[in-house]
Amino acid sequence: MIEPILPGSAVGVLGSGQLGRMFAIAARRMGYRVHTFSPDSDTPTGQVSDVEITAPYEDLDAIRKFAQSVRVVTFEFENVPSAAAATAAEFAPVRPAGSVLHVAQNRIREKAFLAKAGLPVTPFRTVESAEDLARAVTEIGCPAVLKTAASGYDGKGQVRVVSVDQSEAAWISIGREPAVYEKFIAFDREVSVIAARSVDGSVADYGVVENRHANHILDVSICPARVPHPAAARAREIAHAVLEALDVVGVMCVEFFVEPDGGLYINELAPRPHNSGHFTFDASITSQFEQQLRAVCGLPLGSTELLRPAAMANLLGDLWAQREPKWAAALAHPDVKLHLYGKLNPRKGRKMGHLTALAQDAESALSMVLNARAALLA
């Protein structure tokens with residue numbers, strides 16, 4: 001039996017954005033100390049941590065020193081170099097393991113792993129040359145989406161290919177980098193399942209969350225998702241299977257496309273808390289951030305019960321374009337919660353915070369959070 005890492009211990013976070021910030025808030029509330037490591041200073045995580053280390057992820061001596069100062073290392077950002085994760089693991093448990101990051105930070109490896117495990121992924125082909133691309137177009141057809149294997153998020157590194165004669169231009173537009181060419185799915189909606197798996201193999205999830213995007217960036221999340229029960233149950237079952245197959249210790253988000261007939265395809269994985277789970281900070285007995293802490297420290301997982309239906313709306317830097325948003329107007333809605341991430345420079349498309357609304361049903365929560373966000377600019 002692995003001994004749990006108890007309150008009073010120091011936990012390390014690789015990455016320093018808003019996910020780490022909310023993790024640090026949850027950890028400090030439970031009596032843990034938090035050390036964060038990233039190339040930046042005065043970060044969202046660093047502002048609420050006990051120790052903020054500023055160094056490149058490639059500085060392995062700094063990684064060694066960081067890992068020696070904590071009892072466990074976790075992530076809020078999956079694109080950490082594999083060498084950094086491996087070096088940290090020499091001195092402290094790294095959870096999720098570097099092997100999980102290795103799969104999830106590359107679309108080719110991720111889709112190949114899921115397909116081999118018999119889990120539902122969109123039909124795809126690997127593209128590493130012009131010949132690969134021509135073969136993929138022939139076998140998959142159009143429409144399709146060409147996605148870079150690495151460093152893609154919020155729609156970056158993705159090009160839709162509507163016809164065969166667009167394929168070469170699409171590959172040029174992503175720099176002829178290794179990519180996946182996948183069938184375009186005419187989905188009804190996008191959903192996600194955020195689940196946690198502890199050291200002892202126990203798994204808990206937050207149900208199915210419905211997600212809406214704007215300009216490829218998550219805009220609104222609604223829980224519970226408005227999908228048929230059989231599809232919701234199947235999505236949760238698949239998410240558990242993914243965590244088991246990868247031997248995840250920590251939190252992972254599994255994103256899905258839902259077809260009109262209820263069919264499911266895994267879109268991508270995120271081996272950390274997720275934007276679509278921010279509502280759990282206010283609406284669940286145990287937030288995804290506290291759950292991450294419990295999982296990586298070997299503690300029993302907390303209840304994921306939803307206290308009330310909820311909806312979350314992202315606040316992007318665009319809201320600051322004309323003036324400071326009218327915070328009091330949004331908070332005139334008494335069932336709305338405001339979270340700002342401590343980022344100093346708002347810019348177009350940058351996630352600066354979010355609003356969460358709690359209501360008696362999902363439709364009411366969605367209406368409330370959208371009205372509150374609109375009031376920021378009224």
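The values are calculated or read from the model by the stated rules, or taken from the named source; none is laboratory data. Everything numeric here is computed off the predicted structure, so don't read it as measured data. Cβ sites come from the backbone with ideal geometry, for glycine too, and all protein chains shown count toward neighbours.
Do the conditions hold for V159, that is, is it of a type in the set (V, I, T), free of Cβ contacts under 8 Å to residues at least 24 places away in the same chain, more than 30 Å from P309 (Cβ to Cβ) and not in a helix (DSSP H, G or I)? Criteria met by V159. So is K337 basic (K, R), part of a loop (DSSP other than H, G, I, E, B) and in contact (Cβ under 8 Å) with a residue 24 or more places away in the chain or not? No; evaluated as a whole, the condition is false for this residue. When we screen A283, A365, A330 for residues that are under 21 Å from C253 (Cα atoms), small (G, A, S) and assigned by TED's automatic domain parsing to the domain that holds I222, the only hit is A283. Number of residues in the range 1-52 that are in a loop (DSSP other than H, G, I, E, B) and β-branched (V, I, T): the value is 4. Condition (residue is loosely packed, with under 15 Cβ neighbours inside 10 Å and modelled with pLDDT under 85) applied to the range 156-168: is it met by at least one residue? Yes. Counting the residues of the range 62-92 that are of a type outside the set (A, V, I, L, M), without any contact (Cβ under 8 Å) to a residue 60 or more places away in the chain and surrounded by 20 or more Cβ atoms within 10 Å (Cβ to Cβ) gives 2.
Answer with yes or no whether D59 is in contact with a Lys or Arg (Cβ under 7 Å, 6 or more places away or on another chain), more than 19 Å from L299 (Cβ to Cβ) and either surrounded by fewer than 24 Cβ atoms within 10 Å (Cβ to Cβ) or at pLDDT below 95 (or both). So D59 fails the test. Would you be able to tell me the number of residues in the range 243-291 that are small (G, A, S) and in a loop (DSSP other than H, G, I, E, B)? Summing the residues that are small (G, A, S) and in a loop (DSSP other than H, G, I, E, B) in the range 243-291 gives 3. For the range 248-288, a residue qualifies if it is of a type outside the set (A, V, I, L, M, F, W, C), under 27 Å from I25 (Cα atoms) and more than 18 Å from the chain's Cα centre (by Cα), but none of them does.
Within the range 214-242, being free of Cβ contacts under 8 Å to residues at least 40 places away in the same chain and part of a strand (DSSP E or B) holds for one residue alone: A214.
Scanning the range 47-80 for residues that are polar (S, T, N, Q) and within 18 Å of Q291 (Cβ to Cβ) gives a single hit, T74. Give just the number: which of (1) polar (S, T, N, Q); (2) closer than 26 Å to T280 by Cβ; (3) at pLDDT 95 or above does Q105 not satisfy? So Q105 meets the others, but not (3). In the range 112-122, the qualifying residues are those that are modelled with pLDDT of 95 or more and farther than 16 Å from E244 by Cα, and the one that is surrounded by the fewest Cβ atoms within 10 Å (Cβ to Cβ) is A112. If the condition is being without any contact (Cβ under 8 Å) to a residue 24 or more places away in the chain and either hydrophobic (A, V, I, L, M, F, W, C) or outside any loop (DSSP other than H, G, I, E, B) (or both), then the range 167-176 contributes A169, I172, S173.
Within the range 320-337, the set of residues being surrounded by fewer than 19 Cβ atoms within 10 Å (Cβ to Cβ) and closer than 25 Å to H216 by Cβ comprises W320, A321, Q322.
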